[in-house]
Each structure stands twice: as structure tokens, then as C-alpha cells.
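Notes to accompany the following structure.
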Amino acid sequence: MESFESKLPNIGTSIFTTMSALASEHKAINLGQGFPDFQMDETLISLTHQAMKDGHNQYAPMAGNMALRESLSEKFYSLYNTSISPDCITITPGGTYAIYNALTTILSPGDEIIVFEPAYDSYIPNILVNGAIPVCIPLDFPNYSINWNKVRSAINKKTKAIILNSPHNPTGSVLSSSDMEILSKIIIENNLFLISDEVYEHLIFDNKPHHSVLKYPDLFNRSFVCFSFGKVYNCTGWKMGYCVAPKFLTNEFRKLHQYNAFSCHTPTQVALASHIKNKESYLSLSSNMQQKRDFFLSCMKNTSFSMMPSSGSYFVCASYEKISQMPALDFAIQLIKEYGVATIPVSAFYADGRDDKVLRFCFAKKEETLLLAAERLKNL
């Protein structure tokens, strides 16, 4: 067969793959893709090694290791004063998988789902491959806040769900309590589903609270809430996450999950079940990452970039309007080739390529990495 009809005819190689390949080719400092260049917690490594030596090397239950799900349930009660049964938690091979599986659980061809842009790049392909229609609403620039009047105007009889992300990738914006109240009202009044991407739940700064959907019972009853162990514990290569949903949605989620991944890496689950009980292992994450954000911002003061606020995640955005009027992708490529620093153009997070002359930087790096990158950018 020489050809076939693609389910994603307009989707090519992701911007992360493209920019990382260019960074490798030109030996550039990679502040593009969101992964740390420092070692993860040695305690968690040791626990995983011990789990392997203790014989935890066969299939885990499809829903996930029960001890891990129980530890997560205890964590939710401690953090949010909410009781979530382990039966409502499914361990998945990464947060992105959890999001895809949740979307596939609820979407049928012709359904519409509201997406806020700039958006993590997996959302729209996930929607399209299910035959559904993304309805893109831009966040208000430059604060990247949600205009709820636009949301209300976009809802019609075909609208099935809303997908949102806080703390937000790529901008670092976070939802407020008033945002959550408005969201809850919209979801419930219009009988919609919600997919809440909360993979950066513990990477939130300046003493701001994380308003998890788990804190809002009526909203949670219509939601899939997706998390990532990789982002929390700086081990993105482990590809471990989980999805929390009310029992009736979890049952449907698992119908797909059992015939896809089925189960996840067993020794890692055993290790995490123990590690999570040490609350400091996740409560200290925000202050540690905030120090990196603040260090990077101090380094970038000597450049011509205009740094934008970041209240969470691994990322901070910057305007380069004072430097160039080149399209963001072209400018990002120039930075790699001529200055040895890789970033991600925020235009890549818009379906229509909207270009506000903004780049995304990942500051989840060693201080020497961040300092060297800023030194190179001073030459612009």
C-alpha cells in the first residue's frame, strides 16, 4: 500500500523534538524541552532499586499498586481535606497518557471541546484523533488569564468538555479561587466534562495555593484530574502519572486503559507508595524550584529580554520585541545556531501560529546551566 488516509494529516514532528534535535546538532544549551539536567532524589532511586531486589518485578494490577493508590488518597486528604477512594485513582504511564485516555473515554466524532491557548501540544492532536473538534480560546495576553465571557459564548449543544491546565504550560500562569468558582458554574450548568491537567501541582510559587479540582466536590464529579510523578520528582523519563476521577468515570477510563497500557512499571509504584508518605518530599518542591526561577530571572536582567511573570511550572516566558521583529520560530532557531541557546517559541502552542514575539524558557536546570545560557544571551 503506497498511501492511506492519515488521522492527523496536518500534524508533523513536535516542536520539542525539532528544537531538541537542533540543540544537539549545534551543541546549544537546551532550555527548550521541560526536563531537569540535575539528579533526582537519591532516596527514591534507592527505594526503586530495593523494590526490584525484593522481587516486585511482575505485572502490577491494572488500576495500579494498591499501596500507592492508598498513599495518594492519604495525600489528597492531607492537602485538600477531601476523601478520594483508591478506587477512583488509576496509575498511568505518564500524565500525557492520562490526558489522552480521558479524552478518548468521553469524546465521540463531532463533539466539541474548549481548549485554552497557548496549549500543551498534545491536547489538539488527542482531540482530533478522536474525531472531535477543538474550539480554541486564546488566553488574554500578556497576563495569560481566562476570559470567561469568551468561554460562555463558545458553548453550544455540541460542546462536550473543557480542558485546562494550572499551573500552566507554557506560561506559568495559575488559576485563582474565583476562576474555579466560575469554571464550576459553567461546567455544571452546561452539563460538561472537565479534563484538568495538574502535572505541575507542586511547582507553584510566591505562596500561591494550587486550586486543585479535587478541592471542589461538585466539579470533581464531572472531571478527570491528571497528574505526573515525573514532574513532581524530577524524573520525567520514568513516564509515571495517574488519573483521578469519580467512580463512574474511572470505570469507563479503565475500560480503555486495560487494553492499552494495561499496567505500569511495578518497582517504581512500590517505591512511590513509600516515598509519598514523606510529605517533605513534595512540600519542599515549590521553594526549591522557585529558587531556580528567581536565579534565572536575576541572570536574565542583563539581557534585552522582557521577562514575564511565572507563578508555577518549569517555565517562564519572555518577550523579545525589543530585540527583533522576526517570527518566533525563526528567532528561536537563530538563538540556537548563533548564540547556542535553545528555547521554544510560544507561537508553537497556538493552532493558528499566533505570534506575540514570546519564547518559553525552562529553568529546571543547574545554576551553572542557567548562568551560562544567560551569559550567551547577553550578546544579543
Taking H as built 1.01 Å from N, whose amide H comes closer than 5 Å to the amide H of Asn30, not counting residues under 5 places away?
Ala342
If I take the Cα coordinates of the stretch 264-380 and project them onto the principal axes, what are the three extents in Å, biggest first?
51, 33, 25
First measure r as the distance between the Cβ atoms of Asn260 and Lys7, then evaluate 1/(1 + (r/R0)^6) with R0 = 22 Å and state the FRET efficiency to the nearest 0.05.
0.85
For the stretch 136-207, compute the orientation-averaged projected area of the C-alpha convex hull (one quarter of its surface), in nm².
5.2
Here the net charge surrounding Leu72, from other residues whose Cβ is less than 14 Å away from its Cβ (Lys, Arg +1; Asp, Glu -1), is -1
Rounded to the nearest whole number, the Stokes-Einstein translational diffusion coefficient of the stretch 51-139 at 4 °C and 1.567 mPa s (Kirkwood radius, C-alpha pairs) in µm²/s is 83
Spelling it out for Gly64: with amide H atoms placed in the peptide plane at 1.01 Å from N, the residues 5 or more places away or on another chain with amide H under 5 Å from its amide H are Ile91
Kindly provide log₁₀ I(q)/I(0) values, in the same order as q = 0.12, 0.13 Å⁻¹, from the Debye equation applied to equal alpha-carbon scatterers of the chain.
-0.95, -1.12
In deg cm²/dmol and to the nearest 500, what is the mean residue ellipticity at 222 nm of the chain if only DSSP H runs of at least 4 residues count, each as -39500 (n - 2.57), divided by the residue total?
-11000 deg cm²/dmol
What ranking, highest mean first, results for peptides 191-199, 94-102, 349-357 when packing means the other Cβ atoms within 10 Å averaged over each residue?
94-102, 191-199, 349-357
Counting DSSP beta bridges in the stretch 42-278, what percent are antiparallel, to the nearest 5?
30
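Quick note: the coordinates plus some simple rules give every number you see, no bench work behind them. Worth saying up front: this structure is predicted, and the values here are computed from it rather than measured. Virtual Cβ from ideal backbone geometry, glycine too; neighbours counted across all protein chains shown.
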